[in-house]
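Notes follow the structure.
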Amino acid sequence: MRTLVGLTASGWTEKARWALDHHRVAYRFQDYVPLLQERWLRKQVPPGVKGTVPLLVDPPGAATQGSFAIAKRAEELGQGRPLFPAEHVAAITRWNDTSEQVLDTARVYAMPRMLANSRAQAESLPKFLPLWLRQLSAPSARMGMRYIMKKHQVPVSTEEAIEAAVTPAYERLRATLGDGRAYLEGGTFTYADITAAAMLVLLGPVADRHLPMGPGTREVWTHAGLASRFPDLLAWRDALYDKHRRT
């Protein structure tokens, strides 16, 4: 069976999972353990390419890296309504580019906060470990987080700088949806909606019924200032999840 390797709390991983689930592509999910699995990850991609997750491994070993590429692969493999209608691919790609930039900024906000939050550290470890062992293994989680920060060159920033960096993207999304639209492109659900919904993580992660997440992890990803400025976008995302996020 295909295997999707990723980080449960990652917006990139969630975009890939949503596309696979939408197209009813069978796969098993494997938690990625930073640092420990780095050598394995490098072997899955061509020489000279930086290995990252999410990564979809197709038997007998072909791999697709990155949420956008995985979503397109899901469209090739699966069934159901297309997420990439030909006439909207250019606009969907632009929304995805925006989402990628915002998620990069969100990581800048969250990672240093995770290093200071012992609950989030324990929650980031693989779920097959019992809670008591995850709590004891928090130092290993911190090592993994520092490795991710170094690998992706995550700088330190202030809450005000983070808010200023992502506000233009959120304002653009608000303006696009301002006429009461439920969907961004063509009046139907597409990958544009998935990728835009993922970039709203700083307003607070989605409900546990869609993406189970511990309280420490929810705390480090939530930017209170942005959440108070964009409650309409939060409502749009949550309604989108309730209607379209089926697993």
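The values are calculated or read from the model by the stated rules, or taken from the named source; none is laboratory data. Computed from a prediction, not measured in an experiment: that's the story for all the values here. So basically every Cβ, Gly included, is an ideal-geometry build from the backbone, and we count neighbours across all protein chains shown. Heavy atoms of the whole protein, side chains included, go into the accessibility calculation; ligands, DNA and RNA do not. Shrake-Rupley method; radii C 1.70, N 1.55, O 1.52, S 1.80 Å.
Listing for the model above:
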item: Unit Cα scatterers, Debye sum, the chain: log10 I(q)/I(0) for q = 0.09, 0.11, 0.16, 0.17 Å⁻¹; result: -0.38, -0.57, -1.27, -1.43
item: Magnitude of the charge dipole, the chain, Cβ model with Lys/Arg +1 and Asp/Glu -1, debye to 20; result: 860
item: Projected area averaged over orientations for the range 21-108, convex hull of C-alpha atoms, nm²; result: 7.2
item: Value of relative contact order over the chain, rounded to a whole percent, pairs C-alpha under 8 Å and six or more apart; result: 23
item: Estimated FRET transfer efficiency when R0 is 25 angstrom, pair VAL89-THR176 (beta carbons, to 0.05); result: 0.90
item: Accessible surface of the chain, 1.4 Å probe, proportion on carbon and sulfur as whole %; result: 56
item: Spacing of the two label points (7 Å from each Cα toward its C-beta) at HIS210 and ASP232, in nm; result: 1.9
item: Ellipticity estimate at 222 nm from DSSP helix runs (n ≥ 4, -39,500 (n - 2.57)) divided over the chain, nearest 500; result: -17000 deg cm²/dmol
item: Reference-scaled alpha-carbon Rg (2.2 N^0.38 Å with N residues) for the range 200-247; result: 1.13
item: Where the chain is the region considered: accessible area per residue in Å², 1.4 Å probe; result: 48
item: Spin-label pair LEU115/LYS243, simplified geometry with 7 Å Cα→Cβ offset, distance in nm; result: 4.1
item: DSSP loop trypsin sites (Lys or Arg not before Pro) with at most 15 other Cβ within 10 Å excluded, longest remaining stretch of the chain; result: 51-126
